[in-house]
1. Just checking, which of Phe86, Phe102, Phe108 is touching a Lys or Arg at 6+ places or on another chain (Cβ under 7 Å), in a helix (DSSP H, G or I), among the hydrophobic types (A, V, I, L, M, F, W, C) and surrounded by 12 or more Cβ atoms within 10 Å (Cβ to Cβ)?
2. Kindly provide the set of residues from the stretch 123-138 that are farther than 15 Å from Ser73 by Cβ and free of Cβ contacts under 8 Å to residues at least 60 places away in the same chain, ordered by number.
3. Only residues that are of a type in the set (Gly, Ala, Ser), within 22 Å of Glu126 (Cβ to Cβ) and at pLDDT below 95: list them for the stretch 1-35, please.
4. For the stretch 1-34: of the residues being among the aliphatic types (A, V, I, L, M), assigned to a helix (DSSP H, G or I) and under 12 Å from the mean Cα position of the chain (by Cα), which is surrounded by the most Cβ atoms within 10 Å (Cβ to Cβ)?
5. Given (1) surrounded by fewer than 18 Cβ atoms within 10 Å (Cβ to Cβ); (2) under 13 Å from the mean Cα position of the chain (by Cα); (3) not β-branched (Val, Ile, Thr), identify the lone condition not met by Ala93.
Amino acid sequence: MATLLTIADIQDYEPDILNYGIPDFDQEITKAQNDVFRDLRIRWWPTQQIGLYDLKYLASGQVEPDEDMYNASQLTRVAVYQCLGFHVYPKLAKFDADQDIFERKMEFYRKDYEREMDLVLRDGVEYDHDSSGNITDAEKEPTHYLRLKR
């Protein structure tokens, strides 16, 4: 599996994150990466496959994307927002009647995750379809060109 983020990437957005009592972020990072890949399988992969192949061949084609073929640097910010909003700050929040700072940050990063994922999808997910090691312009075209999605 491609590595989308490290603790250093998280510290770029939250420099004090290591001061809150979570000794190791490996589980949260792994969960966030898996969630980003799952989101791409749901939101991008099916429409991308339909754009590449005739529908009659779709069922016999590659069912799952290869996670190592993504351009990891394109997805780092998405993964950081996913990690902070859905895995780190929920562990730190108290969930009292009055929101604490961790709940507010959790909501902030969840919203930014959705916004950033939408921008990545609209810009075009960079995926090396031919395993050449280089991602061409054709391999990062967006799948929707302002078409109505139902």
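1. Phe86
2. Asp130, Ser132, Thr136, Asp137, Ala138
3. Ala2 - this is the single residue of the stretch 1-35 that is of a type in the set (Gly, Ala, Ser), within 22 Å of Glu126 (Cβ to Cβ) and at pLDDT below 95.
4. Ala32
5. Ala93 satisfies every listed condition except (2).
The values are calculated or read from the model by the stated rules, or taken from the named source; none is laboratory data. Fair warning: this is a prediction, and the values are worked out from it, not measured in the lab. Every residue, glycine among them, receives a Cβ derived from its backbone with ideal geometry; neighbour counts consider all protein chains shown.
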